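Working notes for the structure below.
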Amino acid sequence: MLLIFGKITKLLKPLICKFKTLIKLDKIIKKIINLDLYSSFENILIKTEKGKIKFFGFGPITIWKAQTLFIQEPETIEWIETFSNDSVFWDIGANIGNYSIYAGNLNKNLKILAFEPSAVNFFIE
């Protein structure tokens, strides 16, 4: 029995080594792809009274939406700031979710459900 196990181990050892090499290669490729993808995003840092929010913009519209968070709809910002800790915020037509992100940053206990029905907004650049 030990003899058979030894022979099987000998046969499998080169395959296991090749498999480990493939796994390492796969991890390296994924890191390169993620690094390339990450470098194509522009970081936007928005300061709030509860800290900073970091947005990753993938094109001029997304960047503009982050930069104008407090300017576009000030009444929405004021409304969000009135939410109590046990509130639920339904963000219907969330677009890129900037108001949901702001609300979550402002109130960590807030339950947020963001929904964007238009598939076009999934690919805003």
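Quick notes
- Considering the stretch 10-50, and only residues there that are surrounded by 10 or more Cβ atoms within 10 Å (Cβ to Cβ) and in a strand (DSSP E or B), the residue that is modelled with the lowest pLDDT turns out to be GLU42.
- Test: residue in the stretch 65-79 that is closer than 19 Å to PHE115 by Cα and part of a strand (DSSP E or B): no
- Given (1) within 20 Å of ASN43 (Cβ to Cβ); (2) at pLDDT 85 or above; (3) part of a helix (DSSP H, G or I), number of the condition LYS54 does not satisfy: (3)
- Across the stretch 82-125, the qualifying residues are those that are part of a loop (DSSP other than H, G, I, E, B) and polar (S, T, N, Q), and the one among them that is farthest from GLU49 (Cα to Cα) is SER118.
- Inter-residue pairs, beta-carbon under 6 Å, first over 24 Å from ASN121 (Cβ atoms) and in the stretch 78-97, second basic (Lys, Arg), 6+ apart: none
The values are calculated or read from the model by the stated rules, or taken from the named source; none is laboratory data. Everything numeric in this text was worked out from a predicted model, so none of it was measured. Every residue, glycine among them, receives a Cβ derived from its backbone with ideal geometry; neighbour counts consider all protein chains shown.
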